[in-house]
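The structure appears right after this line, and notes come after that.
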Amino acid sequence: MFARINSMGCYGLEAFCVEVEADIPQGLPRFDIVGLPDTSVSEARERVRSAMKNSGYDFPYSRITVNLAPADRRKEGPLYDLPILIALLAASGQLRGGGMQDEAWQRTAFIGELSLDGSVRKVNGALPMVIQARDAGWREVFLPAQNAAESAVVEGITVYPVNDVRELLAHLRGQNKIDPAKPLEDPVETVLSLVDYAEVKGQQEARHALEIAAAGNHNVLMIGPPGSGKSMLAERLPTILPHMTREESLETTKLYSVAGKMPPDTSLIRTRPFRSPHHTVSAAALSGGGSIPRPGELSLAHNGVLFLDELLEFDRAALEVLRQPLENRTVTIARVAGTVKYPCTVMLVCAMNPCPCGNYGHPTKRCSCPQGAAQRYLSRASGPLLDRLDIHIEVPPVDFSRLSAKGPSESSAAIRARVNAARAVQEERFRNTGIFANGQMSAAMTRSHCQLDSQSLELLRRAFDTLGLSARAYDKILRVARTIADLEGRESIDAQHIAEAIQLRSLDRKFWAER
């Protein structure tokens, strides 16, 4: 007998429809899976066999052929276990007389990995697959209960959570119906209670620079001696970033779904990601990759913050990987099986010491680095990478009087209110353009929204000639100045805004030029 069951596949963020065809003619016992399966799909034979027996059903001892169509597209992962089992039960007549008519089968999809005892395990990429199933016109999808929360946010399709094979087959026969999954009422993101800028003593200039960075989604470099508070400032950055929109939450959730990093019992990721990989991270782990390309740290920080602490301790090859994605806001991973693109609209925040011992420029400590060591240390960061960092901040050590001062500093909530007001202006400015912040403007948009008067233009010209700025740095100064004006509620950019933006962009010239 023959049966056809709908399923889904996923490569990167791209999901596609798969038809699982099962044929059981007479012949010597054999179980073949065709249709360009990988090793994990081929191993489904043993999982399906055991799950069927342990769920109380007879495994058909005959010649079995399972085809995964389209046959020219590689099928990866164990998510085809459940549809293969359902197809075999239907082809062997063990689902005959069930509660589902043929027309209903044509609009239903099955996804899930099987345990040997018949329970259904979580799979990766459930959210993009359910979205594609909805777009393909399917009305129902049965998938692991652990994937139900993230998948239930998709409107226009009914999601049924499945715990084991017995539960699913009872539903298909119309005996014990499974209740459709509903999206969880995730709380709206709140300011993190464990960290707050009120705990940061001093560093007013650095705090103000990070406020500008948060308001315009600008990349930041912080330079200062050990213990000056660079990591502390960066870790509190998410507390002043604006709330995620539903579109941003959905994009980020899709990435975490594909990577298999969805938090349990979560429908949507509503808190902006903060990723802080160790400096031993490889280039592939940072950008993404593998035989089955998975999102790297860059993409997992999408719509959030990627913090690289001890920047110059990272491998040079890993740092150079950042250059193109920071410009294009996408990571492209090419493999023989195809090319995958992952979004990576991130706010890159880097922290570094000015020399190996960390004391160069310290007001009270002497630099103990040998001759030439500091220059070699600073040369680990390439000029093109530094050029892509919009704001450069010097974070000096905090003196005793500020550390011992009573009373908290300005809270994250107060800073965030100003950031939200500036982002509201930018949201209106960039309506229907696909971007949401000044830091993402193209060159043409920068020219359009960053008009300068003669005084500001002359100031920028002198800075351009004196500091030897690149064309990229020129545009970044304009974007930062636009953000400063937005924070002040000003419609136009004046010379004061340009001067502050130049000051926030010239620190690399100081350290690298002096060395």
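The values are calculated or read from the model by the stated rules, or taken from the named source; none is laboratory data. The model shown is predicted, which means the values in this text are computed figures rather than measured ones. Counting neighbours? That spans all protein chains shown, and the Cβs are built from the backbone with ideal geometry, glycine included. All accessible areas refer to the heavy atoms of the entire protein, side chains included, with ligands and DNA or RNA removed. Shrake-Rupley method; radii C 1.70, N 1.55, O 1.52, S 1.80 Å.
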Read through the list (1) over 30 Å from Gly289 (Cα atoms); (2) in contact with a strand residue (DSSP E or B) (Cβ under 9 Å, 6 or more places away or on another chain), then give the number of the only condition that Ala44 fails.
(1)
Any chance Ile435 is of a type in the set (Val, Ile, Thr) and closer than 22 Å to Glu394 by Cβ
no
Go through the stretch 1-55 and count every residue that is part of a helix (DSSP H, G or I) and touching a helix residue (DSSP H, G or I) at 6+ places or on another chain (Cβ under 9 Å).
9
Kindly indicate the residue of the stretch 434-452 that is open to solvent by 60 Å² or more (accessible area, probe 1.4 Å) and either in a helix (DSSP H, G or I) or at pLDDT 90 or above (or both) and also farthest from Ser492 (Cα to Cα) among those meeting that condition.
Ala444
Within the stretch 337-358, take every residue that is at pLDDT below 90 and open to solvent by 30 Å² or more (accessible area, probe 1.4 Å) and give me the one that is farthest from the chain's Cα centre (by Cα).
Cys357
Qualifying residues in the stretch 453-493 (those that are touching a residue at least 60 places away in the same chain (Cβ under 8 Å) and under 13 Å from Gly216 (Cα atoms)) - the one surrounded by the fewest Cβ atoms within 10 Å (Cβ to Cβ):
Leu487
Got a sec? Which of Thr245, Thr239, Thr271 is closer than 23 Å to Asp486 by Cα, open to solvent by 50 Å² or more (accessible area, probe 1.4 Å) and modelled with pLDDT under 95?
Thr245
Taking the stretch 147-177 on its own, how many of its residues are of a type in the set (S, T, N, Q) and surrounded by 19 or more Cβ atoms within 10 Å (Cβ to Cβ)?
2
Expected output for the stretch 400-418 (first residue closer than 28 Å to Ile484 by Cα and buried (at least 16 other Cβ atoms within 10 Å of the Cβ), partner of a type outside the set (Gly, Ala, Ser) and at pLDDT below 75, Cβ below 9 Å, 6+ apart or cross-chain) is Ser411/Val191; Ser412/Val191; Ser412/Leu192; Arg416/Val191
Applying the selection to the stretch 45-63, what residues are small (Gly, Ala, Ser) and at pLDDT 95 or above?
Ser50, Ala51
Assess whether Ser409 counts as being closer than 29 Å to Asn303 by Cβ, hydroxyl-bearing (Ser, Thr, Tyr) and not in a strand (DSSP E or B).
yes
Quick check, is Ala181 open to solvent by 20 Å² or more (accessible area, probe 1.4 Å) and either farther than 21 Å from Glu19 by Cβ or modelled with pLDDT under 95 (or both)?
yes
Among the candidates Glu428, Glu500, Glu458, single out the residue that is assigned to a helix (DSSP H, G or I), at pLDDT 90 or above, charged (D, E, K, R) and touching a helix residue (DSSP H, G or I) at 6+ places or on another chain (Cβ under 6 Å).
Glu500
Residues of the stretch 367-406 satisfying the condition of being within 30 Å of the chain's Cα centre (by Cα) and not in a loop (DSSP other than H, G, I, E, B):
Leu378, Gly383, Pro384, Leu385, Leu386, Asp387, Ile391, His392, Ile393, Glu394
